[in-house]
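Please read the structure below before turning to the comments.
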Amino acid sequence: MKKKFNLYCGLLIAAIVFGIGLTMVNTGYQMYSGGKKGWELAKNDRESGVKRDPFWAMNLVNGMVPVEMMSKNPLEMTGDSIVNEKTGEKMPIQTVVGIVWTKDAGNRMWILSSIGQISWVFIIIFWVAFIKLIIAVNKGRIFEKSMETHLAWGGWAVFGMYALGWVTTLTNHILNVRTFEFAEYDQVIMQFPDSALLYSAFGMLLMGQIFKIGRQMKEEQELTI
């Protein structure tokens, strides 16, 4: 039984690492592409004698604002267009998710990134609880109060990640509504925090209660005997 439990734990860890790995690969590629373009731009600036503000790239990033929007009339073209370079055709397009650059961004990206950094606290709590849970099972400490504690900490940590996702999403949306008003688009929220986090959180909390009931039943049986 412990072998199968450890197998499933290993698969769960592998799935989490795989997901994190995909994100890291994508982020690394974007950083590489951006760094390469920045190097080429700096090289061209040196050759042409152009001087830029040393912090121009940082200011550019700080001015980036992610925006989600929906056409006020989805059945009509908004006037935006994009060129298909394979055919040369200029095709109508409706923007759904985009990034705009504005001087009114303020500390937007700093605020959003700071909220995102808090999630690392919950990630660490989850991993500590999860590792302790595996150790407890392998040592046979299944119907002990510590088991319930590990599951509770893990569940609330995952719930914290989900809640922070909503804080980030709502903060960005509220700031966007205060800053922008587009002629042919309504600002909406289309990308929600992953509901799987919510299911996992309540699942771990529920398992904690099941183990608590099992422990109480075991204690009652021992007292009866």
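The values are calculated or read from the model by the stated rules, or taken from the named source; none is laboratory data. Predicted, not measured: the structure shown is a model, and the values here were computed from it. FYI the Cβ positions are ideal-geometry reconstructions off the backbone, even for glycines, and counts take in every protein chain you see. To get the accessible areas, we keep the full protein, side chains included, count just its heavy atoms, and leave off ligands, DNA and RNA. Shrake-Rupley method; radii C 1.70, N 1.55, O 1.52, S 1.80 Å.
Taking region 177-208, which residues are in contact with a helix residue (DSSP H, G or I) (Cβ under 7 Å, 6 or more places away or on another chain) and surrounded by 15 or more Cβ atoms within 10 Å (Cβ to Cβ)?
Answer for region 177-208, where residues must be in contact with a helix residue (DSSP H, G or I) (Cβ under 7 Å, 6 or more places away or on another chain) and surrounded by 15 or more Cβ atoms within 10 Å (Cβ to Cβ): Gln187, Pro193, Leu197, Leu198, Ser200, Ala201, Met204, Leu205, Met207, Gly208.
For Phe126, are the conditions met, namely being at pLDDT 85 or above, open to solvent by less than 40 Å² (accessible area, probe 1.4 Å), out of contact with any helix residue (DSSP H, G or I) (no Cβ under 6 Å at 6 or more places or on another chain) and among the hydrophobic types (A, V, I, L, M, F, W, C)?
Criteria not met by Phe126.
Return the pairs, sorted by first residue and then second, in which the second residue is among the small types (Gly, Ala, Ser) and modelled with pLDDT under 90, the first residue lies in region 167-195 and is closer than 15 Å to Val65 by Cβ, the beta carbons are less than 7 Å apart, and the residues are 6+ apart or on different chains.
Correct list of pairs: Thr168/Gly116; Tyr185/Ser71.
Please enumerate the residues belonging to region 131-145 that are without any contact (Cβ under 8 Å) to a residue 60 or more places away in the chain and open to solvent by less than 40 Å² (accessible area, probe 1.4 Å).
Within region 131-145, Leu133, Ala136 meet the criteria.
Tally up the residues in region 178-195 that are of a type in the set (D, E, K, R) and in a strand (DSSP E or B), please.
1
Identify all residues within region 63-103 that are closer than 22 Å to Val188 by Cβ, assigned to a loop (DSSP other than H, G, I, E, B), open to solvent by 80 Å² or more (accessible area, probe 1.4 Å) and not aliphatic (A, V, I, L, M); write none if there are none.
Of everything in region 63-103, those that are closer than 22 Å to Val188 by Cβ, assigned to a loop (DSSP other than H, G, I, E, B), open to solvent by 80 Å² or more (accessible area, probe 1.4 Å) and not aliphatic (A, V, I, L, M) turn out to be Lys72, Glu76.
Would you check if Val158 is in a helix (DSSP H, G or I), in contact (Cβ under 8 Å) with a residue 24 or more places away in the chain, hydrophobic (A, V, I, L, M, F, W, C) and open to solvent by 40 Å² or more (accessible area, probe 1.4 Å)?
Taking the combined requirement at face value, the residue does not satisfy it.
Return yes or no: is Gly106 open to solvent by less than 70 Å² (accessible area, probe 1.4 Å) and either modelled with pLDDT under 70 or assigned to a strand (DSSP E or B) (or both)?
yes
Looking at Phe211, is it closer than 25 Å to Asp104 by Cα, over 20 Å from the mean Cα position of the chain (by Cα) and open to solvent by less than 70 Å² (accessible area, probe 1.4 Å)?
no
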